[in-house]
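S.K.: Could you have a look at this structure, given as structure tokens, before my questions?
The values are calculated or read from the model by the stated rules, or taken from the named source; none is laboratory data. Please read all numbers here as calculations on a predicted model, not as lab measurements. Here Cβ is always computed from backbone atoms with ideal geometry, including for glycine, and neighbour counts include all displayed protein chains.
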């Protein structure tokens, strides 16, 4: 767990530094201002690329898999651009209505009921459009799944990460003294179970099962116990196909994949 915490701290520190740099931009002007903006954008871009490359490198893709993934991701992003055009139309209508609402409030006047109703209507349209867009984009999941091995899909959909976290917590539960377990395990299980498809009682049962095993028994059963504990570390309310598509939606994904493909012999 120490490595995961150290990585999170370093990542958080970098985010803070980048954010601080963004605030500092406001103190600079002219050509230097544009240079700082460009530098800030490039730093953010580099960090995105590094995060993506770490994930894709873990997949250990073959050249054939990477070629297929590039083609599918290109198709996905083309569909996203087509959907964005329709979304922009709704956003423009909503913006005009919000401008009207803002102007009325600046004059300290009541917002016309018709304007308020139209704002609500456009917000509902935007939500419905986004839901329909995701349904359309999820259709790209199956061709991508056909390209990848189960263990590669687990990495892209956070299942493997959740399993690693589950194993860390199982190891933690086993190393605790009886007194520490009584003092900490219930609070820990309650926190993990919050808004997850697993209960505190189930988590405690998994912990106790792991603690009752000999080291040899535990090593044999650790994978199965971790699978039972996985729901504590990922949101099961999201279908895995949707998680997969969302992981491939960032703008830098097709760029990084193509650069990676160009490096392969």
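S.K.: Modelled with pLDDT under 95 and out of contact with any helix residue (DSSP H, G or I) (no Cβ under 8 Å at 6 or more places or on another chain), is that true of residue 195?
M.R.: Spelling it out, residue 195 is indeed modelled with pLDDT under 95 and out of contact with any helix residue (DSSP H, G or I) (no Cβ under 8 Å at 6 or more places or on another chain).
S.K.: Could you please find all residues in the stretch 165-208 being free of Cβ contacts under 8 Å to residues at least 40 places away in the same chain, within 21 Å of residue 238 (Cβ to Cβ) and either over 27 Å from the mean Cα position of the chain (by Cα) or surrounded by 13 or more Cβ atoms within 10 Å (Cβ to Cβ) (or both)?
M.R.: The answer is 193, 198, 199, 202, 203.
S.K.: A follow-up question, please. Go through the stretch 209-226 residue by residue and tally those that are touching a helix residue (DSSP H, G or I) at 6+ places or on another chain (Cβ under 6 Å) and either within 16 Å of residue 165 (Cα to Cα) or in contact (Cβ under 8 Å) with a residue 60 or more places away in the chain (or both).
M.R.: So the count comes out to 3.
S.K.: If you check 242, 261, 248, which single one turns out to be under 25 Å from residue 139 (Cα atoms), crowded, with 17+ Cβ neighbours inside 10 Å and not assigned by TED's automatic domain parsing to the domain that holds residue 166?
M.R.: 248
S.K.: Check 250, 239, 254 and return the single one that is under 22 Å from residue 55 (Cβ atoms), touching a helix residue (DSSP H, G or I) at 6+ places or on another chain (Cβ under 9 Å) and at pLDDT 95 or above.
M.R.: 254
S.K.: Is it fair to say residue 229 is outside any helix (DSSP H, G or I) and either over 14 Å from the mean Cα position of the chain (by Cα) or free of Cβ contacts under 8 Å to residues at least 12 places away in the same chain (or both)?
M.R.: Here the answer is no, as residue 229 does not meet what is asked.
S.K.: Of the residues 139, 135, 145, which is part of a helix (DSSP H, G or I) and crowded, with 16+ Cβ neighbours inside 10 Å?
M.R.: On the way: 139 fails: crowded, with 16+ Cβ neighbours inside 10 Å; 135 fails: crowded, with 16+ Cβ neighbours inside 10 Å.
On inspection, the qualifying residue turns out to be 145.
S.K.: Can you pull out the residues in the stretch 61-91 that are more than 21 Å from residue 136 (Cβ to Cβ) and without any contact (Cβ under 8 Å) to a residue 40 or more places away in the chain?
M.R.: Listed by number, the residues that qualify are 62, 64.
S.K.: Take the stretch 110-144 and flag every residue that is within 19 Å of the chain's Cα centre (by Cα), over 27 Å from residue 65 (Cβ atoms) and free of Cβ contacts under 8 Å to residues at least 40 places away in the same chain.
M.R.: 131
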